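Only the coordinates and a few stated rules stand behind these numbers; no lab work does. Since the model is a prediction, treat every value here as computed from it, not as a measurement. Counting neighbours? That spans all protein chains shown, and the Cβs are built from the backbone with ideal geometry, glycine included.
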Amino acid sequence: MFASLFVAVAACTPKEGSDSATDTDPATETAATEGDPSGATHDDPTVAPATEPEATGSEPEPTETETDGEVTAATDDTAGTDDTGPDPDLPEECVAPADPAVSAAFSIEGPGWLPTENFANFKADLTCTVASVAVDAGTVTTELACELDGAPQTATFKIAAAPEGEVDWAADDEVKLYVGQSEEFSVFQAVRLQRLDDSILAVAVRGGFDNGLGSVFEPLGHSIVPACGEALDVITPAAIEIAIPEGPSVVIFSGHRGALPIDEEHAFAIDAARVEVGYCCHHSDEQEVALRRVRLGG
């Protein structure tokens, strides 16, 4: 009896060097883990089951593409493009900076006959004699003794000097003076100085073209050229074209200046300080232009 009890106790005692009293049979361990490469049994509460990756809502962007067994880095087809630059179909003068030498400044004073405020569609044609011409600080001042409706009047006409030469009129010249101005819809003012044969000596205008400013240049041809495009309700820079009948012409963009040759000794010096086209809110074609006949090199 005692011998049997000793054998039973010895069978329950762990072998020396064993890691655990709960060693499992290799066959049992293989069966438990077969089909699960993690080696964990899903019945074991201490081991978390494998989970699927958390959804992010979008697939990752590919950075490489494979074509015919070759790997090619993905590229952005829009890289290096710029849609904000100037339209290549337009002349570069449309976006070129204004010439700092441009000046279409002018003024006309006529005490007693030329209204300075509260005027609408005022026009006057006078016959005058040039009393004096003086140049000071880049301005040509012409004093005129005139006659309007049989009454003597005076006028002072100022216009920016031109780098091409001195103006081609002088004291004692007999001339005709036209002045037109308006505050109706759009403000405009125009001054024209001519010889008695109607040949142009000077024209200076500012304001809306639809107020008849184009005819002020006659007998020279005058037109606004929408060379930089034209769109409804958009104010766009433009150019003017001045032409001598049956002779040469010149196109000058807004903010620039140029000269129209008359002969070997004379030319029209032209400054186009502002030329615009547009049709918004009574804004018609607009211009600020000064033209004067000059003696070249004089």
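For the range 143-201, what is the relative contact order in percent, using Cα pairs closer than 8 Å and at least 6 residues apart in sequence?
Numbers: 60 pairs, mean separation 12.4, N = 59.
Contact order relative to length: 21 percent.
Under 15 Å from a point placed 7 Å out from the Cα of TRP113 along the Cα-to-Cβ direction: which residues of the range 134-151 have their backbone N that close?
Hits in the range 134-151 for TRP113 at 15 Å: 143-151.
Karplus couplings for the range 290-296 from phi (6.51 cos²θ - 1.76 cosθ + 1.60, θ = phi - 60°), rounded to Hz, Gly and Pro as x?
Karplus-based 3J(HN,Hα) across the range 290-296 equals 10, 10, 8, 7, 10, 8, 4 Hz.
Residues with amide H under 5 Å of ALA161's amide H, sequence separation 5 or more or different chain, H placed in the peptide plane at 1.01 Å from N; which?
THR139, VAL140
Long-range amide H contacts for ILE262: which residues qualify at under 5 Å (H placed 1.01 Å from N, peptide plane, sequence gap of 5 or more or a different chain)?
Those lying under 5 Å, H to H, from ILE262 are ALA267, PHE268.
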